[in-house]
Amino acid sequence: MRKPLHLFILALLLSFVLVPSVRALGRTSVAVTIDDEYDRYKKRGDALFKEGKYQEARRQYQNCLEVPGFENDPYAKEQIQECTTGIALRQQADDAMRQGKGADAVKVLDQLLNLNPDDLITKGQFADYYEREGNQLFNQKRYAAARESYTKALNYTTTRQETLRLQIRTIDNVTRPSRHIGIKVVTGLVAVGAGAYAALLRSDYQSKMSTLAQVSQTTDPTGSGVIANPDSYRQYNDAYNAAQAAQEKNGLFKACLGVAAVATVAELYLLLHKPKQRVSAIQWKPSSQSWGLAISHTF
């Protein structure tokens with residue numbers, strides 16, 4: 001009789017210990033499953049929100065609220081409101097773009113990025129807008145403004161960096177002064193400088209000879225070649241030496257005239273013979289109707 005009684009007592013004790021543990025384990029398993037479902041919806045929503053896909057993200061956050069125990073989740077409710085705001089702002093930006101109101105569209109896109117700095121779609125819209133603007137300005141030959149627009153577009157894209165940098169390099173090549181222009185400037189300066197110096201030398205020589213003639217007339221009015229007065233002789237001697245020094249520069253005067261003549265001829269040649277632009281078989285130029293480059297082939 002004692003053995004069955006012992007077994008009965010042991011079974012009773014085990015029932016008090018094991019049954020609550022099993023029930024608790026079951027409840028834990030259900031809670032973990034529910035949490036996993038919520039986390040799955042939340043992660044999908046966060047990923048879509050980061051991309052700027054607000055419609056799809058809002059749907060995932062609404063799914064979060066349908067998980068038992070999370071009907072009033074504050075995070076999901078807040079994100080649903082953010083998505084609703086994002087959807088409304090994007091619609092405003094798209095409407096402004098279609099109506100050609102670029103400045104208004106940019107203001108709305110700024111609001112979207114303030115709402116969600118990681119918004120990839122909005123960044124892409126910014127890049128498209130500034131690249132199209134740059135293309136239009138380029139085709140209008142407003143190169144400085146076009147370069148500024150392309151630079152702005154660079155800040156909003158990682159996928160079109162090379163295309164935009166190519167467009168900026170194209171502008172730099174167009175606006176950079178050519179070597180031909182530099183040579184024309186130099187030859188012009190040489191021609192003007194040499195001619196001016198030659199004129200200065202000739203003027204100085206003529207002035208010194210005129211002074212010598214006047215002094216000679218005053219100190220030796222008879223033309224005898226004899227000047228008895230020491231002061232008059234000194235005056236004549238100074239004028240003679242000055243005229244002699246000016247005459248010795250006659251070789252330099254002729255050289256300046258030669259340089260000026262050669263430079264002038266070279267300047268005229270460069271003005272009349274403009275360098276031909278080298279045309280490659282494939283040319284790249286911005287397309288005014290869309291972002292990117294238009295390719296033309298020359299035969």
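The values are calculated or read from the model by the stated rules, or taken from the named source; none is laboratory data. None of the values given here were measured: they were computed from a predicted structure. As a convention, Cβ positions derive from the backbone with ideal geometry for all residues, glycine included, and neighbour counts pool all protein chains shown.
Checked against the criterion of being at positive phi and not hydroxyl-bearing (Ser, Thr, Tyr), the candidates 69, 86, 102 yield just one match: 69. Against the condition surrounded by fewer than 15 Cβ atoms within 10 Å (Cβ to Cβ) and either in contact (Cβ under 8 Å) with a residue 60 or more places away in the chain or in a helix (DSSP H, G or I) (or both), how does residue 47 come out, does it pass? Yes. Among the criteria (1) more than 18 Å from residue 103 (Cβ to Cβ); (2) part of a helix (DSSP H, G or I), the one residue 157 does not fulfil is (2).
So which residues in segment 219-267 are surrounded by 13 or more Cβ atoms within 10 Å (Cβ to Cβ), modelled with pLDDT of 70 or more and either among the β-branched types (Val, Ile, Thr) or not assigned by TED's automatic domain parsing to the domain that holds residue 189 (or both)? Listed by number, the residues that qualify are 219, 259, 262, 264. Within the bounds of segment 61-75, is there any residue that is more than 30 Å from residue 173 (Cβ to Cβ), in contact with a Cys (Cβ under 9 Å, 6 or more places away or on another chain) and surrounded by 21 or more Cβ atoms within 10 Å (Cβ to Cβ)? Within segment 61-75 (the criterion being more than 30 Å from residue 173 (Cβ to Cβ), in contact with a Cys (Cβ under 9 Å, 6 or more places away or on another chain) and surrounded by 21 or more Cβ atoms within 10 Å (Cβ to Cβ)), the answer is yes, since at least one residue qualifies.
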